[in-house]
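One structure is given below, encoded as structure tokens.
What follows draws every value from the coordinates through simple rules; no lab data is involved. The structure displayed is predicted, hence computed values, not measured ones. Counting neighbours? That spans all protein chains shown, and the Cβs are built from the backbone with ideal geometry, glycine included.
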Amino acid sequence: MLDRFKVPEEDRVYVQREQILAATEAIFTKVGMSESDAQQSADVLVTNDMRGVETHGVSNMLRRYVADFMSGAQNAKAEPKVLRESKTMVHIDADGALGITVGPTAMKRAIEKARDVGIGVATVINAGHLGGAGYHATMAANEGMLGHCMAGPGGNQMVPTFGAEPRLGTCPIAWAAPSGKEHPFLFDIASTQIAANKIALAKRTGAKLQPGWITGMDGEPILEPTDAPAPGEYYMLPFGGTRENGSHKGYGLGAMVDIWCNSLTGVGAGFITGGGGQWFAAYDIEQWIGLDEFKSHVDDFLSGLKNTPPAKGHDRVLYPGLSEGEEMEKRTKEGIPYHREVIEWYKSISSELAISLDLP
């Protein structure tokens, strides 16, 4: 994550993983989740924070989820059901559960099928926010498989290249692969220039948005640094920003995600129906090659990437997943640096819900 989105040193409150896990589980349980669902959902959010992916951790997402449960927009007591299943795929109706709750279950089903026939795919409809595609893709990598996850949210965020109105969501995608000695490969992106949640982080930290990240309400790219606007006062650009810089690639990739996640699952085009389809896939490496041999090849590849001589003005070359792996090690020792406003929110919601939380 770019330094501009990180919590300023003077605003940091360090919290250990187990502390924030327990507090988050307690909140989820209080708003109606079962103990097991609360544990799973909290693990998604806190693991994102441990990796430094704070856009999809507790800072931004927990308050949104709590509000959705309290308003009835999401179902805390959901009972997902299988709509269709074969040897290679399973299609699940989430019954209004959050994606952070049903997503891990879906990926586990995909992994089970991959062990049987080499490739397994699970699709999910009628679910809430995914909570970060990288978490789910990494579940497969942790089982010695290649992992892939996508989500097709509604069409009210990203404008098509040359478009004046949005037709796509952020359309996140993640791929993960296991390694041996190196930190695992994890490529987790939005199809927009930046993840939508980074705008909320920028607003919290006071950072400016860079040229070509968003548009005005007329679809015109904003091509100078700008303060983070309020929700509903901007649209997002595909990655690339402008056609000259390759925005047609981000736009096309986002369109692909919408088709796979929404048209294939029967939801229909995201900008027409609201979207929400999700895709989870696992590929059993040992159906192709021995796992140890694969990991050795990946280690050679990742080591070669990170040891690439850096260009002038840069300290080193990264590969997808390296900084997340390093951040996980660092935060395991030091704790997670939350913005003081986030901790204040925890204390406020604990008072509102009449629960006691052990936080600094």
- Item | Convex hull volume per residue in cubic angstrom - Cα atoms of the range 213-353 | 277 Å³
- Taking square-rooted eigenvalues a ≥ b ≥ c of the alpha carbon gyration tensor, is the range 48-141 rounded, prolate or oblate, where a/c under 1.5 means rounded and, failing that, a/b exceeding b/c means prolate? oblate
- When all Cα-Cα pair distances of the chain are considered, the percent exceeding 37 Å is 17 percent
- Item | Whole-Hz couplings from phi, Karplus 6.51/-1.76/1.60, listed for the range 119-131; x for Gly and Pro | 9, x, 10, 10, 10, 9, 10, 6, 10, x, 3, 5, x
- Note on the structure: Expected sort for Asp358, Asp68 with the fewest Cβ neighbours (10 Å cutoff) up front is Asp358, Asp68
- Query: When the Karplus curve 6.51 cos²θ - 1.76 cosθ + 1.60 is applied with θ = phi - 60°, which whole-Hz ³J(HN,Hα) does each residue of the range 268-274 get, with x for Gly and Pro?
  - Reply: x, 3, x, 6, 9, 9, x
- Task: Would you mind classifying the range 187-289 by shape? Square roots of the alpha carbon gyration tensor eigenvalues, ordered a ≥ b ≥ c; an a/c under 1.5 is rounded, otherwise it is prolate if a/b is larger than b/c and oblate if not.
- Result: prolate
- Message: For Glu293, Glu182, which order do you get if you count the other beta carbons within 10 Å of each Cβ and list the fewest first?
- Response: Glu293, Glu182
- Task: Report ³J(HN,Hα) in whole Hz for each residue of the range 59-74, in order, from the Karplus equation J = 6.51 cos²θ - 1.76 cosθ + 1.60 where θ = phi - 60°; Gly and Pro get x.
- Result: 4, 8, 8, 4, 5, 5, 5, 4, 4, 5, 5, 5, 8, x, 5, 10
- Item | For the range 84-137: rounded, prolate or oblate by the Cα gyration tensor [a/c cutoff 1.5] | oblate
- Item | Directionally averaged shadow of the range 1-82, computed from the convex hull of its alpha-carbon atoms, nm² | 6.6 nm²
- Query: If each residue's Cβ is checked for other Cβ atoms within 10 Å, how do Lys306, Lys81 rank with the fewest at the top?
  - Reply: Lys81, Lys306
